[in-house]
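Colleague: Have a look at this one.
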Amino acid sequence: MERLCGDEPFWEHNRTFYADVPDLTECFQLSVLSWTPCIYLWLISPLYLFYLKRNNKGYIMMSLLNRVKTVFGFILWIVCWTDLFASFYEMKEKDIPLIYFITPLIVGMTMLLATFIIQFERLRGVQSSGVLFIFWTLSVLCAIVPFRSKIIHASTKGEIKDTLRFTTFYMYFGLTLAELILSCFNEKPPLFSSVVTDPNPCPESTAGFLSRLTFWWFTSLAIKGYKNPLETKDLWSLNKQDCSDTVVPELLREWEVEKSKAKSTEQDVNGQVVYSRAGKEANHVEVSPEEVEVLLSDRKKSHQPSFLRALLRAFGPYFLIGSAFKLLQDLITFINPQLLRMLIEFTKEERVPSWWGFSLAFLMFCCALLQTLILHQHFQYCFVTGMRLRSAIIGAIYRKSLVITNEAKRSSTVGEVVNLMSVDAQRFMDLTTFLNMLWSSPLQIILALFFLWQTLGPSVLAGVAVMILLIPLNAVIAMKTRTYQVEQMQYKDARIKLMNEILNGMKVLKLYAWEVSFKEKVLQIRQKELNVLRKTAYLSALSTMAWTSAPFLVALTTFAVYVTVDKENVLDAEKAFVSLSLFNILRFPLNMLPQVISSLAQASVSLRRVQEFLSHDELNPDNVDRKPAPSDYAVTVVNGKFSWLKKDSPTLQNINVLVPQGSLLAVVGHVGCGKSSLVSALLGEMEKLEGHISIRGSVAYVPQQAWIQNATLRDNILFGKPYVEQKYRCVLEACALTPDLEVLPGGDQTEIGEKGINLSGGQRQRVSLARALYSEADVYLLDDPLSAVDAHVAKHIFDNVIGPEGALRGKTRILVTHGISFLPQVDNIMVLVDGMVSEMGSYQDLLKQNGAFADFLRNYSLEDIIEDAEVTEVLMDEEELFPDDALSNHTDMVDNEPAVNEARRQFMRQMSVMSNDVENPKTKSIRRRRCSERRHGDQQQEKKEAKGEKLIQAETTETGRVKFKVYWEYAKVVGPLLSIFICFLYASQSAAAIGANIWLSQWTNDARNNTIAHEKVHMRVGVYAALGITQGLLILANCFLCRAYSMLKAAHTTHLNVLHAVLRAPQAFFEATPSGRVLNRFSKDVDTIDTLIPENIDIWMRTFWYTVNVLLVCSALTPMFLIVIVPLMMFYWWVQRFYVATSRQLKRLESVSRSPIYSHFSESITGTSVIRAYGRNSAFVLMSDMKVDENQKSYYPGIVSNRWLGVRIEFIGNCIVLFAALFAVIGKESLNPSLVGLSVSYALQVTMSLNWMVRMTSDLESNIVAVERVKEYSETPPEAPWEVEDKKPPGDWPSEGNVEFVDYSVRYRAGLDLVLRNISLKVKGGEKIGIVGRTGAGKSSMTLCLFRLLEAAGGEITIDGVKIKEIGLHDLRSKLTIIPQEPVLFSGSLRMNLDPFEKYSDDDLWNALTLSHLHKFVSNQPAKLDLECSEGGENLSVGQRQLVCLARALLRKTRILILDEATAAIDLETDDLIQSTIRTQFEDCTIFTIAHRLNTIMDYTRVLVLDKGQVAEFDTPVNLITQKGIFYGMAKDAGLA
């Protein structure tokens, strides 16, 4: 030391600590203080330079700022070395200590290094450097001490002894300070960076170091959000490294690596097994196949590719940075209790200089501040990792779902896969935030125990024992809660599933008057759900009590043991409050551990599920040989044998097909003979067991059930191809879509709802066909596209698209069809029987062979098959066929949701400009013009462009503050008095807590007098315990009252009201509201009211009272504190207002942008075969990525807003700590140590509760909206009453079945045109009436009026003399029977589907099944009548579902039957069965049939022809044909006249 420092000592204790004006020795200043920043920079620069070398962001032009920094760096180096040379110079005269050489040398070198880093960063595109910022800060901080002491020396001595060094030091200080200030500013962004090109870049990428540390860059958004509610356009773009196109490939790369590893090990293993088996056989040891199987399965288990490893490799490194911050924060946490101990010691001592106290107060503040900044950096890293994980997992699952086999699809339904995306990806995201607690909790616990032991000795073990006992309690509660949660989820799922079916089948429920039965079913499930919720609430009350009382119990046992074990042990303030603050630190990790573990368990389940899904088999792209090769045949199948699942028996076998280029092949056969499977096999969707398929050229595919995207009509047709006006017009014309565009409100810019909801079945099918036609492929696979449209439209399409004269002539076409009329015009016909080709050839050949095909024809021979002569006739100008005033000539008559469509059409007719006088549909005759004629500047097009009307109004997101009214609504449901009492309980619970702590500070005061302390011990312990236990009991009572009783009552009432309102809503409500939106109220919003709101209110109340406590205690002890509280609370209120406004809106935006991800996904999954057939995989993947990124765009600012808030609120908390300590130091004379301990240890806790309070305010505001949303639906205006007591019809009504319409008119909704106008007609009991007319003529409306789904606008209907508008709806509807067009089944047993009220005996049911030809099918099922129908009856074929509806009708057997004839997807066979049953069983009933196939009504009593909502013709079929009117035209079309 002598050589280093010379005569000066290195360290003087008294001079530093006990002087009134403290100072450090010069040698210490020159060595330790000068070297600290240098050591930091030299240690960190190798790592930092390596990092810069790896990450190049482009280079920054030399700017003024950069030049100044560099020049200052050089000057600093010169200044330091001036000192060095001065020392060499002085060596000649006197002996100079070494330190004067070493320090300038080191500091000078460091300054050169810093200057080099400044330039290197510029070349690497770093805009703001954290490393240098910290270096300059350290340099300035370390230079402050010499700065002060040099001035003190000079002023005491009155002269400067070393002028040169004095001058150079102040130059050095000034320059470092200047460098520090300069390093706060930002450089310009690097050249060619994305920031320049992006319209709305995220300011984070260009933010400076300080701005990132405090999240200052977010402030602009917070201000924007406070001024006006945020919208999507205000959000920043995602950072490049968080986008799906960066994150997903990264994960998939690692996953591929894992899969290939697993494959190679598996091959090795297989090799070994085979080898060992051979060995055994050689030794003639019997080896059973099972053994080998076992061997294999054991090995297999170990070699599944590990998704976890892939995740770790992709996202681990980034996450570890966050973990490093966490470690640092954990260590800093324990400094404050030590400082508190010193502070309390300081207040005890008399003669300590007061600067001690002030420096302790500031040290506490700095520590807390540092802790805040570090903690939020850690959170930021964790959350961003979580966000990337979610993006990556969703992306991986989406990409996988487009290529999995059918077998895999069956094992995971759409719902399950959507769950993988929503729930499981979310779980990973949630886990990343806690994951560090796994190692951090034990670390914190160990450190806390170590310091506690130092304070209280072995008695700590008593407290620890209590904690350890609480862990299993918490764990048991957590386990139980988990099982209850699972149970509640199951009930919730069941309830939602049922609600979904109710909403989808609402019309059927109304028609059958089944609402009550289903309402009961929902309420039964709901009751079970509420019972589980109640149990959960009891558990959570216990756990809340345990978690709130834990620190108290621990403190109580520890202190009690401490004072009773040994007479010498006295509890003084220092021991008590330091231990308390340590116990408070302990509370967090102890509470978190069980949570993290359960969260881990959940995530591991999710991990397994995701891994299983990603390991599914993929479709083999080589199933179909697509290589172009010269060949006369476009499609060849040789010895094809196909099944849907590998293990199934083959669905198709011995398939040999050769389709010549450009020919048209028709595939016919009975239902279920494998026609659609053949098409799937050609697309490569089936498992190819043997054989060879090749297809030359591109493929277009029209599936049987049209797949329509939620996009505009035009986008559905273009399907990613560029728009060519001429071609597009031709396609619309050929597919008979032009007239439909006239009716749609926005023309081809009309947005189509999900699954094509606002198009009729026929329109959907034609759009699907138009898509194929537009794609200009080489091979067309058409799976029954003509069944969903009616006769004349089918004809038009065949002639203009598919047939020998159509737009596709010259292309290869394979057409699956039920329509016999077209068969004479096809090149070849293939007849399938039970999955085998029974015969194949041209129409004439097959007729001659007199085989299966001839039978097929005989069965279905329509009076006479259209002859060629007639075909030519139809091609004449179509005007004769269609009267001028038919609104939409080519739209089909077959509507599968007649009511909905008519309603829409009326509604659209109103919206579209067509109803103006400019272009009256009557005067506009629609001629068929050839494409070339069509003027492309059609005015209609421009007119439509302007009006891109949306059918379904966008869901309104609330904006702005939540009204007080909403809270009041909730309080009213809970009960206003009860609400006030609950608040009072919270206040008293927190009063008990204050009491206990004040008592503790009194107790520690006894320490000054030992004798008193011993006498009072028992009383002190007793009262302390009593106060604590009171607090615990109050909490328990409160939770029971609040969560288990009142909040559940609220949940029950709100759900009941909304359910009742929805079931009583009129049909029009369901047409205007998408079912998803109503379902969302029942799932998300009801769930929020069930679980989230009670939790939010509970935590909010607790934190609110806690914060009030802290402020009260601090102000009571040091009244000066009140001066500070006012500005701090103002700042708090201000930050909170900014935050809540912004974060609430961000949450709303996030939830609005989340559903498109899942809806697009479920849409894609249902259309995978179409997407693959057209080769659009990558486009859809891009769309999905875009939707995920859109969602993350609002999620990311949401995370940052929490960090932004945290830093600011914790700053307020840190200020409270600072002032509590400062005032304690100032008022040292008047305060005793125990009160100082009380106020500061309270203040240390406040940060946490302030933070929580703002969060909870925000959460509560976001969640309470649920109450508002549910309430909105519970106030839906209801339809007429179900039963009218004084107007009940007689029990046997209607006995005759006479129906009379008197001057009857009806409209769909107020303000729309009439659908039926002044209809008057009489039908006698037992008459059979057929109703026909074109689409939109009002056929379905007639039936809906009988059931009063539509209420009369004028006139009335009477049935057997009773006016139907006077009786209750259920009385009316239960006495009529309808067989609807679309058969709707509900999930549940077959028995429930036939007879939900359980009115009939089993014999009745079997009898009905026999008559409806289902007896054989049902009796073959093992479950018989309890056969489970899946959702929507998916496990029955469409024909069977239709027969179940017939059985329902047979059971009810009322005098009046309405038949809405089903056309789509039903083969003629089933149709005939239904017709014959109706003719025999309902012989004496009045029947109304809406007919699409005229041959079914040719033998009816009378036929009613509707046109434009009026009776056009009404007479017997024979008379109508002789009149040559509208009916004649239709009959001629169908070949019946």
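Colleague: Looking at GLY1330, GLY1361, can you tell me which residue is open to solvent by 60 Å² or more (accessible area, probe 1.4 Å), touching a residue at least 40 places away in the same chain (Cβ under 8 Å) and not hydrophobic (A, V, I, L, M, F, W, C)? Working first, answer last.
Modeller: Numbers: GLY1330 fails: open to solvent by 60 Å² or more (accessible area, probe 1.4 Å).
The match here is GLY1361.
Colleague: Restricting the search to segment 152-166, which residues are more than 19 Å from VAL79 (Cβ to Cβ) and assigned to a helix (DSSP H, G or I)? Show your work before the answer.
Modeller: We begin by selecting, within segment 152-166, every residue more than 19 Å from VAL79 (Cβ to Cβ); these are 152-159, 161.
Scanning segment 152-166 gives ILE152, HIS153, ALA154, SER155, THR156, LYS157.
Colleague: Further, regarding this structure: Do we find a residue being touching a Cys at 6+ places or on another chain (Cβ under 6 Å) and closer than 30 Å to GLY1022 by Cβ anywhere in segment 550-567?
Modeller: Step one: of segment 550-567, the residues touching a Cys at 6+ places or on another chain (Cβ under 6 Å) are none.
No: segment 550-567 contains no residue that is touching a Cys at 6+ places or on another chain (Cβ under 6 Å) and closer than 30 Å to GLY1022 by Cβ.
Colleague: Answer yes if at least one residue in segment 187-207 is of a type in the set (Phe, Trp, Tyr), surrounded by 18 or more Cβ atoms within 10 Å (Cβ to Cβ) and either on the phi > 0 side of the Ramachandran plot or touching a Pro at 6+ places or on another chain (Cβ under 9 Å) (or both), and no otherwise.
Modeller: Start the filter on segment 187-207 by keeping residues that are of a type in the set (Phe, Trp, Tyr), which leaves 192.
Those still in the list that are surrounded by 18 or more Cβ atoms within 10 Å (Cβ to Cβ) too: none.
No, that holds for no residue.
Colleague: Follow-up question, since we're still on this one. Go through segment 814-826 and give me each residue that's under 11 Å from ALA666 (Cα atoms) and either open to solvent by 10 Å² or more (accessible area, probe 1.4 Å) or assigned to a helix (DSSP H, G or I) (or both).
Modeller: Once the filter is applied, which keeps residues that are under 11 Å from ALA666 (Cα atoms) and either open to solvent by 10 Å² or more (accessible area, probe 1.4 Å) or assigned to a helix (DSSP H, G or I) (or both), segment 814-826 yields HIS818, GLY819, ILE820, PHE822, LEU823, PRO824, GLN825, VAL826.
Colleague: Next question. Have a look at LYS567, LYS575 and point out the one that is over 23 Å from PHE434 (Cα atoms), touching a Ser or Thr at 6+ places or on another chain (Cβ under 8 Å) and open to solvent by 30 Å² or more (accessible area, probe 1.4 Å). Please lay out each step first, then the result.
Modeller: Values: LYS567 fails: touching a Ser or Thr at 6+ places or on another chain (Cβ under 8 Å).
Of LYS567, LYS575, the one residue that is over 23 Å from PHE434 (Cα atoms), touching a Ser or Thr at 6+ places or on another chain (Cβ under 8 Å) and open to solvent by 30 Å² or more (accessible area, probe 1.4 Å) is LYS575.
Colleague: Within segment 965-980, can you find the residues that are β-branched (Val, Ile, Thr) and open to solvent by 20 Å² or more (accessible area, probe 1.4 Å)? Steps first, answer last, please.
Modeller: Taking segment 965-980 and keeping what is β-branched (Val, Ile, Thr), we get 966, 973-974, 980.
Scanning segment 965-980 gives VAL973, ILE980.
Every residue, every condition in (1) basic (Lys, Arg); (2) more than 41 Å from the chain's Cα centre (by Cα); (3) farther than 16 Å from ILE1357 by Cα, yes or no:
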residue	(1), (2), (3)
VAL1302	no, yes, no
ARG1309	yes, no, yes
ILE1319	no, yes, no
GLY1325	no, yes, no
LYS1328	yes, yes, yes
ARG1334	yes, yes, yes
MET1342	no, yes, no
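Colleague: How many of the residues in segment 1279-1302 are open to solvent by 30 Å² or more (accessible area, probe 1.4 Å) and at pLDDT below 85?
Modeller: Initially, segment 1279-1302 is screened for residues open to solvent by 30 Å² or more (accessible area, probe 1.4 Å), giving 1281-1288, 1290-1292, 1295-1296, 1298, 1300, 1302.
Now restrict to residues that are at pLDDT below 85: 1281-1288, 1290-1292, 1295-1296.
The qualifying residues number 13.
Colleague: Take the residues in segment 510-525 that are in contact with a Leu (Cβ under 8 Å, 6 or more places away or on another chain) and free of Cβ contacts under 8 Å to residues at least 60 places away in the same chain, then tell me which one is surrounded by the most Cβ atoms within 10 Å (Cβ to Cβ). Break it down into steps so the answer makes sense when it comes.
Modeller: Of segment 510-525, the ones in contact with a Leu (Cβ under 8 Å, 6 or more places away or on another chain) are 510-511, 513, 515, 518-519, 521-523, 525.
Of the ones still in play, those that are also free of Cβ contacts under 8 Å to residues at least 60 places away in the same chain are 521, 525.
On the way: LYS521: 18, ILE525: 20.
Checking each candidate, the answer is ILE525.
Colleague: Determine if segment 424-439 includes at least one residue that is within 30 Å of ILE335 (Cα to Cα), touching a residue at least 24 places away in the same chain (Cβ under 8 Å), in a loop (DSSP other than H, G, I, E, B) and touching a helix residue (DSSP H, G or I) at 6+ places or on another chain (Cβ under 9 Å).
Modeller: Yes: segment 424-439 contains one or more residues that are within 30 Å of ILE335 (Cα to Cα), touching a residue at least 24 places away in the same chain (Cβ under 8 Å), in a loop (DSSP other than H, G, I, E, B) and touching a helix residue (DSSP H, G or I) at 6+ places or on another chain (Cβ under 9 Å).
Colleague: If I ask for residues that are over 17 Å from VAL554 (Cβ atoms), in contact (Cβ under 8 Å) with a residue 12 or more places away in the chain and of a type in the set (A, V, I, L, M, F, W, C), which ones from segment 995-1032 would you list?
Modeller: ILE998, ALA1007, ALA1013, VAL1017, VAL1023
Colleague: Give me the pairs: first residue in segment 638-660 and over 13 Å from VAL837 (Cα atoms), second residue assigned to a strand (DSSP E or B) and β-branched (Val, Ile, Thr), beta-carbon distance under 6 Å, and six or more apart or on different chains, which are they?
Modeller: From segment 638-660, the pairs are VAL659/VAL635; VAL659/THR812.
Colleague: When you go through GLU805, GLU839 one by one, which is the residue that is at pLDDT 85 or above, open to solvent by 10 Å² or more (accessible area, probe 1.4 Å), assigned to a loop (DSSP other than H, G, I, E, B) and over 21 Å from TYR701 (Cβ atoms)?
Modeller: Of the residues listed, the single one that is at pLDDT 85 or above, open to solvent by 10 Å² or more (accessible area, probe 1.4 Å), assigned to a loop (DSSP other than H, G, I, E, B) and over 21 Å from TYR701 (Cβ atoms) is GLU805.
Colleague: Here's something else I'd like to know. How do the pairs read when you match residues in segment 203-230 that are at pLDDT 90 or above with residues anywhere that are of a type in the set (Lys, Arg) and part of a helix (DSSP H, G or I), using Cβ under 7 Å and keeping only pairs 6 or more apart or on different chains?
Modeller: As it stands, the answer is PHE215/ARG1203, since those pairs meet every condition given.
Colleague: Same structure again: Would you mention how many residues in segment 1211-1248 are open to solvent by 10 Å² or more (accessible area, probe 1.4 Å) and polar (S, T, N, Q)?
Modeller: Number satisfying all stated conditions: 5.
Colleague: Checking PHE88 against (1) open to solvent by 60 Å² or more (accessible area, probe 1.4 Å); (2) closer than 19 Å to SER139 by Cβ, which single condition isn't satisfied?
Modeller: Condition not satisfied by PHE88: (2).
Colleague: Only one residue in SER34, SER63, SER87 is under 60 Å from the mean Cα position of the chain (by Cα), over 30 Å from LYS240 (Cα atoms) and of a type in the set (Gly, Ala, Ser), so which one is that?
Modeller: Working: SER63 fails: over 30 Å from LYS240 (Cα atoms); SER87 fails: under 60 Å from the mean Cα position of the chain (by Cα).
Residue meeting the stated conditions: SER34.
Colleague: Sticking with this one: Which of the residues that make up segment 577-588 are at pLDDT 85 or above and closer than 16 Å to ALA462 by Cα?
Modeller: Passing the criteria: SER579, LEU582.
Colleague: Note down all Cβ pairs under 6 Å where the first residue falls in segment 1114-1127 and is within 16 Å of ILE994 (Cα to Cα), the second is in a helix (DSSP H, G or I) and open to solvent by 70 Å² or more (accessible area, probe 1.4 Å), and they're at least six residues apart or on different chains.
Modeller: What qualifies is SER1115/LEU1122.
Colleague: Right, next: Out of all the residues in segment 428-452, which are more than 19 Å from HIS378 (Cα to Cα) and open to solvent by less than 70 Å² (accessible area, probe 1.4 Å)? Give the derivation first.
Modeller: Narrowing segment 428-452 to residues more than 19 Å from HIS378 (Cα to Cα): 445-452.
Correct list: ILE445, LEU447, ALA448, LEU449, PHE451, LEU452.
Colleague: Please work out which one of (1) touching an Asp or Glu at 6+ places or on another chain (Cβ under 9 Å); (2) open to solvent by 40 Å² or more (accessible area, probe 1.4 Å); (3) farther than 29 Å from GLY208 by Cα is the condition PHE72 fails and give its number.
Modeller: (3) is the only condition that PHE72 fails.
Colleague: Here's another thing I want to ask about it. Any residue at all in segment 337-354 that's under 29 Å from ALA603 (Cα atoms), in a helix (DSSP H, G or I) and open to solvent by 70 Å² or more (accessible area, probe 1.4 Å)? Steps first, answer last, please.
Modeller: Of the residues in segment 337-354, the ones under 29 Å from ALA603 (Cα atoms) are none.
Checking segment 337-354: not a single residue is under 29 Å from ALA603 (Cα atoms), in a helix (DSSP H, G or I) and open to solvent by 70 Å² or more (accessible area, probe 1.4 Å).
Colleague: Right, something else. Given ASN1191, ASN1251, which one is in contact with an Asp or Glu (Cβ under 9 Å, 6 or more places away or on another chain) and at pLDDT below 80?
Modeller: On the way: ASN1191 fails: at pLDDT below 80.
Of ASN1191, ASN1251, the one residue that is in contact with an Asp or Glu (Cβ under 9 Å, 6 or more places away or on another chain) and at pLDDT below 80 is ASN1251.
Colleague: For residues that are assigned to a helix (DSSP H, G or I) and in contact with a helix residue (DSSP H, G or I) (Cβ under 8 Å, 6 or more places away or on another chain), scanning just segment 1344-1356, find the one that is surrounded by the fewest Cβ atoms within 10 Å (Cβ to Cβ).
Modeller: By that ranking, first place goes to LEU1346.
Colleague: Moving on. Is segment 648-662 home to any residue that is buried (at least 16 other Cβ atoms within 10 Å of the Cβ), assigned to a helix (DSSP H, G or I) and not acidic (Asp, Glu)?
Modeller: The answer is no, given that none of the residues of segment 648-662 is buried (at least 16 other Cβ atoms within 10 Å of the Cβ), assigned to a helix (DSSP H, G or I) and not acidic (Asp, Glu).
Colleague: Separate question: Within the set of pairs 6+ apart or on separate chains, which have a first residue in segment 108-127 that is within 23 Å of GLU204 (Cβ to Cβ) and open to solvent by less than 20 Å² (accessible area, probe 1.4 Å), a second that is modelled with pLDDT under 90 and among the aromatic types (Phe, Trp, Tyr), and C-beta atoms under 6 Å apart?
Modeller: Close Cβ pairs (under 6 Å, with a partner that is modelled with pLDDT under 90 and among the aromatic types (Phe, Trp, Tyr)) amount to GLY125/TYR59.
Colleague: I've got another one for you. Name the residues in segment 386-408 that are assigned to a helix (DSSP H, G or I) and either touching a strand residue (DSSP E or B) at 6+ places or on another chain (Cβ under 6 Å) or among the small types (Gly, Ala, Ser) (or both), would you?
Modeller: Going residue by residue through segment 386-408, those that are assigned to a helix (DSSP H, G or I) are 386-401, 406-408.
Once the filter is applied, which keeps residues that are assigned to a helix (DSSP H, G or I) and either touching a strand residue (DSSP E or B) at 6+ places or on another chain (Cβ under 6 Å) or among the small types (Gly, Ala, Ser) (or both), segment 386-408 yields GLY386, SER391, ALA392, GLY395, ALA396, SER401, ALA408.
The values are calculated or read from the model by the stated rules, or taken from the named source; none is laboratory data. This is a predicted model, so every value here is computed, not measured. Note that we place each Cβ from the backbone using ideal geometry, even for glycine, and neighbour counts take in every protein chain shown. Note: accessible area is taken over every heavy atom of the protein model, side chains too, but ligands, DNA and RNA are not part of it. Shrake-Rupley method; radii C 1.70, N 1.55, O 1.52, S 1.80 Å.
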